[in-house]
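The values are calculated or read from the model by the stated rules, or taken from the named source; none is laboratory data. Note that this is a predicted model, so its numbers are computed, not measured. Note that we place each Cβ from the backbone using ideal geometry, even for glycine, and neighbour counts take in every protein chain shown. Just so you know, the surface numbers come from the protein's heavy atoms only, side chains and all, with ligands and any DNA or RNA stripped out. Shrake-Rupley method; radii C 1.70, N 1.55, O 1.52, S 1.80 Å.
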Amino acid sequence: MIQLITGNKGTGKTKAIIDIANDHVDTAKGDIVFLTDTDRYMYSLRYQIRAINTSDLKRGTEPNVREDMLVGYIYGVLAGNHDIESMYIDGAHRMLGRDVSEMEHFFSDLEEIAEKTDTKFIVTVSQEDEELPEFLKKYLG
């Protein structure tokens, strides 16, 4: 399952996803992972949440993480811990340096991972609901 937290830049998506992740700790039956491209919010997350900074995935002078690398990394994290119940991803489009409209393949990969591993993904997207590409609308709550 994939759930989106949407809104334009500066509308509080990161605070919202952090709050949701922190609240989830009390009811989680499995582990929680939080992926982002900065250490800035690491201390805002409860200690039970595994925070991972994806900026370490960048190769050489490349400004962004490649899509295949991020998908492979997500697979690797889940393969290393079968107890992960949910994964929060703050700004996948920012990590990849792509417009959300160009990320259909990424989200179809994420959906496939969710089904295979029974993991819930909560992802922030910097667009309002009505501006979302058609392939993302099915993930709106």
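Side notes on the structure shown:
- Protection proxy ranking of 32-38, 117-123 - average other beta-carbon atoms within 10 Å, highest first: 32-38, 117-123
- Accessible surface of LYS15 - all protein chains present, 1.4 Å probe, nearest 10 Å²: 130
- Separation in nanometres of the label points that stand 7 Å from Cα toward Cβ, at ASP118 and TYR47: 3.0
- Solvent-accessible area per residue for the chain (1.4 angstrom probe, square angstrom): 54
- Of the solvent-accessible surface of the chain, computed with a 1.4 Å probe over protein heavy atoms with every protein chain present, carbon and sulfur atoms account for 46 percent.
- Cα lying deepest toward the dipole's positive end in region 2-141, options SER55, ASN81, GLY141, charges on Cβ: SER55
- Selection from LEU45, ALA92, ALA16 lying farthest towards where the dipole of the chain points positive, charges on Cβ: LEU45
- Applying 1/(1 + (r/R0)^6) with r as the Cβ-Cβ distance of ASP39 and GLU104 and R0 = 25 angstrom yields a FRET efficiency of 0.25.
- Too-long pairs where the Cα-Cα distance tops 20 Å, listed order kept, from LYS13/LYS116; LYS58/LYS138; LYS29/LYS120: LYS13/LYS116; LYS58/LYS138
- Screening the chain for whole DSSP H helices with an alpha carbon extent of at least 18 angstrom along the helix axis and a mean Kyte-Doolittle hydropathy of at least 0.0 yields 67-80.
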